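A.B. asks: Can you read through this structure? Questions will come right after.
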Amino acid sequence: MFDRAHRIGKMSRTKIRPIVVKFHYYAQREQVRKTAHDKIETLKSASLGIGIQQTRAVINQRRRMNDIYRREKASGKQLRWPSGKLLVRDRDGEDFREIKA
């Protein structure tokens with residue numbers, strides 16, 4: 001069930017326009033997102049993708065921290081990335097702590 005749905009950009013005969021949808025129920029949004037994650041290869045082969053819309057500031061923050069994310073992930077640490085914050089937990093199970101860029 002959607003509250004709203006919008007297409008982004010100008011109409012073009014050669015390009016497919018992205019769609020932004022606001023779900024009425026959070027659980028339904030998460031179900032769609034998890035199903036898309038399970039079927040990522042099928043979506044990629046069809047040139048499709050599903051993701052959560054982020055602000056431009058959050059996207060830029062995450063781009064700047066991508067190298068740190070890869071380094072921490074390779075060292076075997078657990079990571080979470082809510083919005084623009086990068087949270088890391090060492091193997092010993094302590095609480096997540098924020099990493100600054």
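A.B. asks: Order THR42, THR14, most accessible first, counting only protein heavy atoms with a 1.4 angstrom probe.
C.D. replies: Per-residue accessible area, sorted high to low, gives THR14, THR42.
A.B. asks: Nothing charged except the Cβ atoms of Lys and Arg (+1) and of Asp and Glu (-1): what's the magnitude of the dipole of the chain about its Cα centre? Round to the nearest 20 debye.
C.D. replies: The calculated dipole for the chain is roughly 660 debye.
A.B. asks: Next question, about the same structure. Toward the positive end of the charge dipole of the stretch 1-44, about the Cα centre and with charges on Cβ (Lys, Arg +1; Asp, Glu -1), which of PHE23, LEU43, ILE8 goes farthest?
C.D. replies: ILE8
A.B. asks: List the residues, sorted by chain then number, that are 5 or more residues from PHE23 or on another chain and whose placed amide H is less than 5 Å from its amide H.
C.D. replies: ASP3
A.B. asks: If you don't mind, there's one more thing I want to ask. Taking amide H positions as placed 1.01 Å from N in the peptide plane, with prolines and chain starts having none, which residues 5 or more places from LEU86, or on another chain, fall under 5 Å of its amide H?
C.D. replies: ILE99
A.B. asks: Take the cross-link list LYS44/LYS73; LYS22/LYS77; LYS73/LYS100; LYS10/LYS85 and give me the ones stretching past 26 Å between alpha-carbons.
C.D. replies: Those over the limit are LYS22/LYS77; LYS10/LYS85.
The values are calculated or read from the model by the stated rules, or taken from the named source; none is laboratory data. The model shown is predicted, which means the values in this text are computed figures rather than measured ones. Heads up, the Cβs are rebuilt from the backbone with ideal geometry, glycines too, and the neighbour counts pull from every protein chain shown. Note: accessible area is taken over every heavy atom of the protein model, side chains too, but ligands, DNA and RNA are not part of it. Shrake-Rupley method; radii C 1.70, N 1.55, O 1.52, S 1.80 Å.
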